[in-house]
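The values are calculated or read from the model by the stated rules, or taken from the named source; none is laboratory data. For clarity, every value in this text was computed on a predicted model and none was experimentally measured. Reconstructed Cβ throughout: ideal geometry from the backbone, glycine too, with neighbour counts over all protein chains shown. These accessible areas exclude ligands, DNA and RNA; they are computed on the full protein's heavy atoms, side chains included. Shrake-Rupley method; radii C 1.70, N 1.55, O 1.52, S 1.80 Å.
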Amino acid sequence: AASDVYKRQVFGFSIAPDVPPTVASTTPANGATGVALASNLLVRFSEPVTVASDWYVLACGAAPLAATVSGGPANWTLDPTQELPPDASCNLLIRAAAVLDQDGTPDSMAADITVSCGTAPSLGNYYASVDATSASTLRNT
């Protein structure tokens, strides 16, 4: 009978596992060189996250750099309070325990992430020595 068809159907569903967030990408990318000294740093997470005040450490050489943080919940911007130093190796450490996802049970990242990049050289006082008073002197400087 038609009513038997409906009695025999079983419906099921599964719940996706609650996975910890990851760093999906950064700008500059890990290993980038020639990074502009006035650059902001962008961090994109795999899902919306809440960050603690100490979620990152930005340093060029031994000198830590402060930054203003904006954005969220998945895309965050670090705007250094001073220019990045020229010809420097800079590291951005993202602390796993200070980044929690916003779905289900809050999960922290599985491990700290370090992104390294090299900054561009300083142009120094190059433009001060250029004589632009005429086309011919400009070509000779």
**Request:** Count the net charge of all other residues whose Cβ sits under 15 Å from the Cβ of Ala97, scoring Lys and Arg as +1 and Asp and Glu as -1.
**Result:** -3
**Request:** Ignoring everything but the protein chains, give the 1.4 Å probe accessible area of Trp76 in square angstrom, nearest 10.
**Result:** 30
**Complete:** With the label point 7 Å along the Cα-to-beta-carbon line of Ala63 and a cut-off under 18 Å to each amide N, the hits in segment 107-124 are 117-124
**Request:** Please report the base-10 log of the normalised intensity I(q)/I(0) for segment 1-113, using a Debye sum with one equal scatterer per alpha carbon and no solvent, at each q in 0.12, 0.18, 0.19 (1/Å).
**Result:** -0.49, -0.90, -0.98
**Prompt:** How far is it, in nm, from the label point at Thr22 to the one at Leu123 when both lie 7 Å from their Cα along the line to the Cβ?
**Reply:** 3.9
**Request:** Using a 1.4 Å probe and counting only protein heavy atoms, arrange Phe45, Phe13 so the residue with the most accessible area comes first.
**Result:** Phe13, Phe45
